[in-house]
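Trainee: Below is a structure I'd like to ask you about.
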Amino acid sequence: MCSESKINTLYPYKPKEFGIPFEKILNGPREREVKIHSGGGNLLSCYITDRSLEITDPLLKEFGLTAVVNKSGLASFTITTETPSQGKHIDMFASHFVKLALTYFEQQGNKIHCCKGNWKGDSISLKQFWSKKRKTKNNIIAAQNTWSGKLFRKLGFTQISEDDVIIQPNKEVIAYFRKPSEKQIKTDTTT
């Protein structure tokens with residue numbers, strides 16, 4: 001279980017204003033789905049296991065926070081906290097969620113070796129990648145200068161090689177950021 005003081009420092013929550021009360025979500029039994037009111041008053045759906053966290057807003061389906069770690073220690077994130085039509089979600093904070101998820105997974109006994117950026121659609125990181133790639137012609141520099149890349153590096157996942165940046169035929173991008181002591185992860189199919 002996560003300690004309440006640790007959770008409160010990782011994710012903002014102010015009743016009747018904003019945020020998600022993760023201390024109520026993470027300190028219960030594992031492998032469960034719960035409904036909980038956010039600080040902004042939204043009723044959120046939460047699915048929790050030792051290796052996944054998923055937060056969705058049933059009324060605002062475009063928004064969501066998902067983190068999964070596989071048995072190999074690869075953490076993947078799918079995060080939508082802002083959309084062109086809806087603006088920012090009052091309760092969802094991307095960087096805080098990533099930090100909280102990594103801490104939670106480690107506390108559950110999952111050793112995180114690598115973080116995966118999977119950039120598609122209207123993703124801020126995808127737009128940043130292609131903008132930087134046009135300027136530098138360098139996949140590594142472009143990946144490192146995305147929102148995700150900067151956050152992963154700040155959290156200690158600083159290693160990335162040319163093989164770690166995969167450009168899909170549809171122009172979507174996958175990038176793997178590893179801790180300096182970790183070997184390159186070639187696959188993320190192990191769950």
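Trainee: Every residue in region 26-50 that is outside any strand (DSSP E or B) and under 28 Å from Lys111 (Cα atoms), please. Please lay out each step first, then the result.
Mentor: Quick first cut of region 26-50, residues outside any strand (DSSP E or B) only: 26-31, 38-42, 50.
Correct list: Leu26, Asn27, Gly28, Pro29, Arg30, Glu31, Asp50.
Trainee: Count, please, the residues in region 26-78 that happen to be farther than 17 Å from Tyr11 by Cα, of a type in the set (A, V, I, L, M) and surrounded by 15 or more Cβ atoms within 10 Å (Cβ to Cβ).
Mentor: Of the residues in region 26-78, 5 are farther than 17 Å from Tyr11 by Cα, of a type in the set (A, V, I, L, M) and surrounded by 15 or more Cβ atoms within 10 Å (Cβ to Cβ).
For every residue, the table says whether it meets (1) under 21 Å from Lys116 (Cβ atoms); (2) β-branched (Val, Ile, Thr); (3) not assigned by TED's automatic domain parsing to the domain that holds Leu126.
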position	(1), (2), (3)
Asn27	no, no, yes
Asn42	no, no, yes
Ile55	yes, yes, yes
Gly73	yes, no, yes
Leu100	yes, no, yes
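Trainee: Suppose we filter region 114-135 for residues that are within 20 Å of Leu155 (Cα to Cα) and of a type in the set (Gly, Ala, Ser); how many remain?
Mentor: Total meeting the criteria: 2.
Trainee: With Trp119, Trp130 as the choices, which residue is of a type in the set (Phe, Trp, Tyr) and either modelled with pLDDT of 95 or more or assigned by TED's automatic domain parsing to the domain that holds Phe22 (or both)?
Mentor: Details: Trp119 fails: either modelled with pLDDT of 95 or more or assigned by TED's automatic domain parsing to the domain that holds Phe22 (or both).
Answer to the check: Trp130.
Trainee: Also, I was wondering about something else. What's the number of the only condition in (1) hydrophobic (A, V, I, L, M, F, W, C); (2) closer than 23 Å to Val69 by Cβ; (3) touching a residue at least 40 places away in the same chain (Cβ under 8 Å) that Trp130 fails to meet?
Mentor: All conditions pass for Trp130, except number (2).
The values are calculated or read from the model by the stated rules, or taken from the named source; none is laboratory data. For clarity, every value in this text was computed on a predicted model and none was experimentally measured. We place every Cβ from the backbone using ideal geometry, glycine too, and count neighbours over all the protein chains shown.
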